[in-house]
Each structure stands twice: as structure tokens, then as C-alpha cells.
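The values are calculated or read from the model by the stated rules, or taken from the named source; none is laboratory data. Model, not experiment: these values are computed from the prediction. Don't worry about glycine lacking a Cβ; one is built from the backbone with ideal geometry, like all the others, and counts go over all protein chains shown. These accessible areas exclude ligands, DNA and RNA; they are computed on the full protein's heavy atoms, side chains included. Shrake-Rupley method; radii C 1.70, N 1.55, O 1.52, S 1.80 Å.
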Amino acid sequence: MGIEVNFEGKIALVTGASSGLGARFAKALAGAGAQVVLASRRVDRLKELRAEIEASGGAAHVVTLDVTDLASIKAAIAHAETEAGPIDILVNNSGVSMTQRLLDVTIEDYAYIMDTNLRGAFFVAQQVAKRMIARAKGDPRKQHRIVNIASVAGLRVLPQIGVYCMSKAGVVQMTKAMAVEWGKYNINTNAICPGYITTEINEDYFATEQGKRLIEMLPRRRAGKPEDLDGLLLLLAAEESHFINGAIITADDGMTAQ
């Protein structure tokens, strides 16, 4: 028996959509039939992505979002629902990192990472969930999905990105807490923990000798591509995943199995 996932009629909000994994997630959802709302601070990049999605036959909208600013979060979500309709799927993807030793971390460095990766992710999910819960109370059959993008760095400590690891470990626990509290409203909250994925942010590093040595340490001596996460994302965003809630799923080519 085959299962065909169809997102026709679904509205998906993707944060951090201006580049990297966020841009790929938006393309994957649009390709599966969802209307996607592209959100980030870099609106010029979002407009380019919207044009690309529309050229491929998809539907996309653009909203400005700074996840470190609660007023911006509230305005972006309201704008998204005015432009596209009620949000069915949230892909909570915004994230930043810095490479440094813990002894060198300043209070500004700490805030920069935590405010985006954990505080921002929490309040985006909270504000979206408030609207999802209100709709679920009116129609208990309504299904919603939240997919938080964590990292294998939230499951094991990786060198020189300690604060990033701490922030993503928080996202892991946040996901479980949301799943427990919001599951009764048919909101399924899960997290994807990617391993090393090549994007425009890190491709130059992976081409260096240090980067190549890192890749050689991986089980199959390769980094992933953003499209390698398509299947997992679509699974967790689909209504067919109604029994998957609070799951923390690695997509790391065996890295954390070592």
C-alpha cells in the first residue's frame, strides 16, 4: 500500500528562510503543494527565493522577521496569516553560531547565540501555537505541526562551538516540553537534529584542510546536502505523522552512532 503525502491547502511558515537549510525546507514544502511563508530579516533574499518558488509553480509569501524581537515575531505571524491564511505548519529554523573557546565567550556572544537559537525559537513557537490552539478548540479534528531544527550538537559536544551546543540542547528539551503540553490540541512537535550539512555558510570551510580532516572523521567521510533532509521534514510536517510527537530525530549519516 503506497502513501502519498500532499500538502495542498496547507500553510507553512519557515523561519530563517533566506539561505541554507531554511531556503531548502521552503522549496521542499512548496514542491509538495504547501503555500510557504518565507520569514527572516533579509527580505531581499526572501524575494529572490519567492520568485524561484513561483517560477517552479509553487506559492510563496514574504514577511520580515527578527526572532530576537517579540514585537517582530507577533507582527510577522499576524502578517503571515493575513497574507496566506492560518498557519498549519511551523518550521522553526532560525539559527546562528560562532567558533570560539568557552573562555573567550563574551556576554554579547552568548546573548547573540542564545537569543536567536533558543529564546527566539521558543517565542516563535509559542506565538504560533497560541493561534493553533485557538483553532483546535473550535475544531478538535484540526491537525498542526511544529518542526524545530536542533542539531547533533544538541546531543553531543562538538569542539569550539560550546554555546551553540548548549542552545541546541535547549531546543531538544523545548521540543519535548511543547509536545507534552500541546499534544492534546493535536499539535505535534518534533525536532530534526542534522549532522554536518554543506550550505553556503560552511562550504568554504569544508574545502580547507581542517574541514577536509573533519569530513574524514565521519562514518562515510562525507557531508550531507540540504536536500538530504527533505524526506524527514515532509514526514514530520504531514498529517500522516499523527503518532510522532516529541521525537528527536537525527539525520547525520551515522555520526552520532559512532
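What the table shows:
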quantity: The chain: most fluctuating residue of L232, L118, L29 per GNM, C-alpha cutoff 10 Å; calculated: L232
quantity: Accessible surface, 1.4 Å probe, highest first, among residues L102, L236; calculated: L102, L236
quantity: Area accessible to solvent at M114, 1.4 Å probe radius, in Å²; calculated: 30
quantity: Selected from T15, T99, T116 as most flexible by GNM, with the chain as the system and alpha-carbon contacts under 10 Å; calculated: T99
quantity: Prolate/oblate/rounded label for the range 43-191 (Cα gyration tensor, a/c 1.5); calculated: oblate
quantity: For I249, solvent-accessible area (1.4 Å; no DNA, RNA or ligand), Å²; calculated: 50
quantity: Top of I133, I89, I248 by mean-square fluctuation, Gaussian network on the chain, Cα under 10 Å; calculated: I133
quantity: Tail beyond 23 Å, pair distance distribution of the chain (Cα, percent); calculated: 49
quantity: Å² of accessible area per residue within the chain, as computed with a 1.4 Å probe and no ligands counted; calculated: 49
quantity: Kirkwood Rh, angstrom, the range 215-258 [1 / mean 1/r, Cα pairs]; calculated: 12.1
quantity: At q = 0.20 Å⁻¹, base-10 log of I(q)/I(0) for the range 63-130 (Debye sum, equal scatterers on each alpha carbon); calculated: -0.79
quantity: DSSP loop trypsin sites (Lys or Arg not before Pro) with at most 11 other Cβ within 10 Å excluded, longest remaining stretch of the chain; calculated: 1-100
quantity: Alpha-carbon gyration tensor eigenvalues x 5, square-rooted, for the range 1-120, Å; calculated: 29, 16, 13
quantity: Over the range 167-258 - Rg/Rh using Cα atoms and the Kirkwood inverse-distance radius; calculated: 1.06
quantity: Cα-centre dipole for the range 101-258 with unit charges at Cβ (Lys and Arg positive, Asp and Glu negative), debye to 20; calculated: 720
